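The values are calculated or read from the model by the stated rules, or taken from the named source; none is laboratory data. It should be emphasised that the depicted structure is a prediction, and the values quoted were computed from it without experimental measurement. No Cβ is skipped: glycine too gets one built from the backbone with ideal geometry, and neighbour counts run over all protein chains shown.
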């Protein structure tokens, strides 16, 4: 059976509104995406690392309860599970403060078996972190050799902007490995300041990956492929929280790839009408997350959305 494998950080998000903590939920960019997929009852495996502490046990139990296998979590004793304070502003966007204490040796774990047309999802700073690069590079090479469909979400934030020059070779390697690259316009403003999206696609992305999706907030979603480009409008809404919205857009698009049974070899020449379905599914997932304090679509979301 076709399955989805994610790799990324796992964090306990403590969400503040004003100066008051409102909720604590497991988070992390790819983690949020994978939980949404678990709620849609698709086969989902997640590769990550956690401490052997109370937070680590809480997140492991959460994964089991939400149909996401914890079999590929590397549990370490030297250090503690990461925690993030997420402060919501008036637009319900989050500003983060991170607390991490990792061991010197990271992510000591065997990879799951990957078959042709399985999907691998990765992104955020985890995807360019020098301390994890060898492990991630090995996984990307393995997934590519097996014919997996690879989805990369850049998701690079201001907190690491000072490192971007030294990390740029890793970004380019990730572009080359991916079949689909997704990012926000904010990511591009950090990585390639002053450059237009058209120029970035032509010079930086397209020579390495032809399928490029840029989410631009209320300005819509831009899709660029080898054959066409198209902008999709987004619905106006008043969000409860935007945490996990982009992650769940990824989940929706990946769920669409699964449901439409789109194989890796078909992505490069996928017709516009098929992309329309994928983007619209991603939008529905993102909208659902914006209307709750959770980082992922609710259990039963797919069944309820069909009613």
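If you check 217, 246, 282 for being at positive phi and in contact with a strand residue (DSSP E or B) (Cβ under 9 Å, 6 or more places away or on another chain), only one passes: 217.
If you take the residues of the range 228-243 that are at pLDDT 95 or above and touching a strand residue (DSSP E or B) at 6+ places or on another chain (Cβ under 6 Å), which of them is nearest to residue 301 (Cα to Cα)? Ranking the qualifying residues of the range 228-243, first place goes to 232. Taken over the range 102-130, the criterion of being more than 23 Å from residue 42 (Cα to Cα), surrounded by 12 or more Cβ atoms within 10 Å (Cβ to Cβ) and out of contact with any helix residue (DSSP H, G or I) (no Cβ under 9 Å at 6 or more places or on another chain) is satisfied by 103 alone. Within the range 193-207, the set of residues being part of a loop (DSSP other than H, G, I, E, B) and crowded, with 16+ Cβ neighbours inside 10 Å comprises 206 only. Answer with yes or no whether residue 65 is within 17 Å of the chain's Cα centre (by Cα) and either crowded, with 16+ Cβ neighbours inside 10 Å or under 20 Å from residue 296 (Cβ atoms) (or both). For residue 65, the condition - within 17 Å of the chain's Cα centre (by Cα) and either crowded, with 16+ Cβ neighbours inside 10 Å or under 20 Å from residue 296 (Cβ atoms) (or both) - is not met. Report whether or not residue 250 is closer than 22 Å to residue 30 by Cα and over 20 Å from the mean Cα position of the chain (by Cα). So residue 250 fails the test. Residues of the range 208-228 that are farther than 15 Å from residue 246 by Cβ and in a loop (DSSP other than H, G, I, E, B): 208, 209, 210, 211, 225, 226, 227, 228.
I'm checking my understanding of the structure. Among residues of the range 260-281 that are more than 17 Å from residue 229 (Cα to Cα) and touching a helix residue (DSSP H, G or I) at 6+ places or on another chain (Cβ under 8 Å), which one is surrounded by the most Cβ atoms within 10 Å (Cβ to Cβ)? Filtering the range 260-281 for residues that are more than 17 Å from residue 229 (Cα to Cα) and touching a helix residue (DSSP H, G or I) at 6+ places or on another chain (Cβ under 8 Å), the one surrounded by the most Cβ atoms within 10 Å (Cβ to Cβ) comes out as 281. Taking the range 154-178 as the range and being touching a strand residue (DSSP E or B) at 6+ places or on another chain (Cβ under 9 Å) and either buried (at least 21 other Cβ atoms within 10 Å of the Cβ) or farther than 25 Å from residue 234 by Cα (or both) as the test, the residues that pass are 154, 155, 156, 159, 174, 175, 177, 178.
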